[in-house]
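Here the structure is laid out as structure tokens; the discussion comes afterwards.
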Amino acid sequence: MQRKFSFLGPSGTNTEEAARYLFQEESDGFLPYRTIPDCLEAAVAGKVTHAVVPWENSLEGSVNLTLDWMIHKVNLPILAEVILPISHQLVSAKRPERIDYKDVTKVMSHPQGIAQCHNFLRDYLPHAEIEYTSSTAESARIVSEHPNEPWLGICPMQAVYSYPVDLMEANIEDSSEHNFTCFVVVSNSPLELPESDMHKTTILVTLPSDFPGALHQVLAAFSWRRLNLSRIESRPTKTGLGNYHFVIDIDHKMDDILMPGAFAEMEALGCQIRVLGTYPVYLKAETSK
């Protein structure tokens, strides 16, 4: 069966760039979907073999929609992670003359794109309405289709090449040195992947409700085994106020001794553990120009 990869579309998104970076040989196997849930559900339904979705940004934190769907809606193991440096471009529809910032009435992009360009928007476009789109590339598509409207979009450079837009300003993100986004490949179908020097295991931990100090004991199970945790984050269980799952990233692949021992120690405390994936991590050195 030919492998097919869903990604957050339309064409020109950072998610597509991550997918094509890792699966360069799959030239005809990339299918854009409008939302993150659509990408994941396509993999569950068998419309694609694998889904590629944004997972976490170094400036704005986790992509909560991805996290919540992975926790509550679908059971798709994480097979790989791709880390991309992110840059954002300000674009307008193609027009005879450059639009003046004071005439702009609306700036649109994905919530993460807007948040990562907060300083630029505050300095140059504080009067403009902010409208959220399903992806950064979607903002370029919408702007390109409304040349008579004084609208601007914030998108990746690849979207500048994909749609009839004019580049107003390049690299408007708040931090160009430290802006990275992690994308994950998820599927019930295994993958043969290149070797990597970096690996992670991501788990979901639900604490017993009647055990004071349980989180401290969970962390201790990793600490004395010298297992480094690169992220610990709470997400609501959706069963009541104050009830949380904890998403934990461990910088270690699954083994036969240390990880099972830590899990057994936590389960003895009454914790519930679900392994979301153990997987290689890949870093792309540069974004497409």
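Residues that are modelled with pLDDT of 95 or more, open to solvent by 40 Å² or more (accessible area, probe 1.4 Å) and either farther than 19 Å from SER196 by Cα or touching a Pro at 6+ places or on another chain (Cβ under 8 Å) (or both) within region 274-289 comprise ARG274, VAL275, listed in sequence order. Number of residues in region 122-144 that are free of Cβ contacts under 8 Å to residues at least 24 places away in the same chain, under 16 Å from ASN171 (Cβ atoms) and not hydroxyl-bearing (Ser, Thr, Tyr) equals 1. Counting the residues of region 136-153 that are within 17 Å of the chain's Cα centre (by Cα) and either within 12 Å of HIS88 (Cα to Cα) or open to solvent by 70 Å² or more (accessible area, probe 1.4 Å) (or both) gives 2. Restricted to region 198-222, and to residues there that are more than 19 Å from THR278 (Cβ to Cβ) and among the aliphatic types (A, V, I, L, M), the residue that is least open to solvent (accessible area, probe 1.4 Å) is ALA214.
When each of GLU195, GLU233, GLU267 is tested for being closer than 25 Å to HIS72 by Cβ, exposed (fewer than 15 other Cβ atoms within 10 Å of the Cβ) and among the acidic types (Asp, Glu), the lone residue that passes is GLU267. Tell me, yes or no, whether region 242-253 has at least one residue that is under 24 Å from ASN64 (Cβ atoms), at pLDDT below 90 and in a helix (DSSP H, G or I). No, region 242-253 contains no residue that is under 24 Å from ASN64 (Cβ atoms), at pLDDT below 90 and in a helix (DSSP H, G or I).
Residues that are more than 22 Å from SER162 (Cα to Cα) and β-branched (Val, Ile, Thr) within region 96-146 comprise VAL104, THR105, ILE130, listed in sequence order.
The values are calculated or read from the model by the stated rules, or taken from the named source; none is laboratory data. Note that the structure is predicted; figures quoted are calculated from it, not measured. FYI the Cβ positions are ideal-geometry reconstructions off the backbone, even for glycines, and counts take in every protein chain you see. Ligands, DNA and RNA are stripped out before the accessible areas are found, and what is left, the full protein with its side chains, is counted by its heavy atoms. Shrake-Rupley method; radii C 1.70, N 1.55, O 1.52, S 1.80 Å.
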